[in-house]
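The values are calculated or read from the model by the stated rules, or taken from the named source; none is laboratory data. Bear in mind the structure is a predicted one, so any value in this text is a computation, not a measurement. Please note: Cβ atoms are built from the backbone with ideal geometry, for glycine as well, and neighbour counts cover all protein chains shown. Areas reflect the complete protein model, heavy atoms only, side chains present, ligands, DNA and RNA absent. Shrake-Rupley method; radii C 1.70, N 1.55, O 1.52, S 1.80 Å.
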Amino acid sequence: MPFVLAITLSATLVALAMLVNHRLKRQRQKLRRQENEVWSIGLYEGPDPITLSPMDGIHNPILTAGDITDAPARFVADPFMVEHDGTYNLFFEFLNTQRETGEIGHALSRDMKTWTYTGTVLSEKFHLSYPYVFRHEGEMYMIPECAKSKSIRLYRATNFPGKWEPVTTIIKGDKRQVPLLDPSVVHHNGKWYLFSYMR
């Protein structure tokens, strides 16, 4: 009996060591991937989404992680642009490396050539990305991806562009069972359509 117990204990230790080794390997791969995430934002134009080239007079990228001045950032991504009162407003995700969490930043331009980062406009205890910004009946709204909160939430600008407050939770659920990723809305013939997906 002690011999069988020793074999079982030995097999358990080997399995545990293999699991720890596998997890450490995955963690190292994740860290290498993160170190290589050098995303930035540029402006391109063309007759269709497939045929694009840099806009005349634009020096790409127009925004990088180095432009984020109020938090340490690894990358910027998911840009959404809205014109308001003659100013171009760019909303985007940046990854705050201190919190390892996505937050929503804002930059503005009058000519689309020179951009000024104005600061973080939305931060939550959970990860935010894909800040889908739209106008409806004179109000500005945002539906950022916040799948880590297990929901899709609607925010309204109380002082555009820098102050946003939650209005309602549109959908709740687990992101493996409910499509919560990259929510996008379309208003067509008096009806709202929400598009999103799940992994």
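Just the residues that are open to solvent by 10 Å² or more (accessible area, probe 1.4 Å) and closer than 18 Å to GLY138 by Cβ, please, taken from region 85-100. ASP85, GLY86, THR87 - these are the residues of region 85-100 that are open to solvent by 10 Å² or more (accessible area, probe 1.4 Å) and closer than 18 Å to GLY138 by Cβ.
The number of residues in region 173-196 that are open to solvent by 100 Å² or more (accessible area, probe 1.4 Å) and either touching a Leu at 6+ places or on another chain (Cβ under 9 Å) or more than 24 Å from GLU139 (Cα to Cα) (or both) comes to 2. Residues that are touching a residue at least 12 places away in the same chain (Cβ under 8 Å), farther than 10 Å from ILE152 by Cα and among the charged types (D, E, K, R) within region 176-199 comprise ARG176, ARG199, listed in sequence order.
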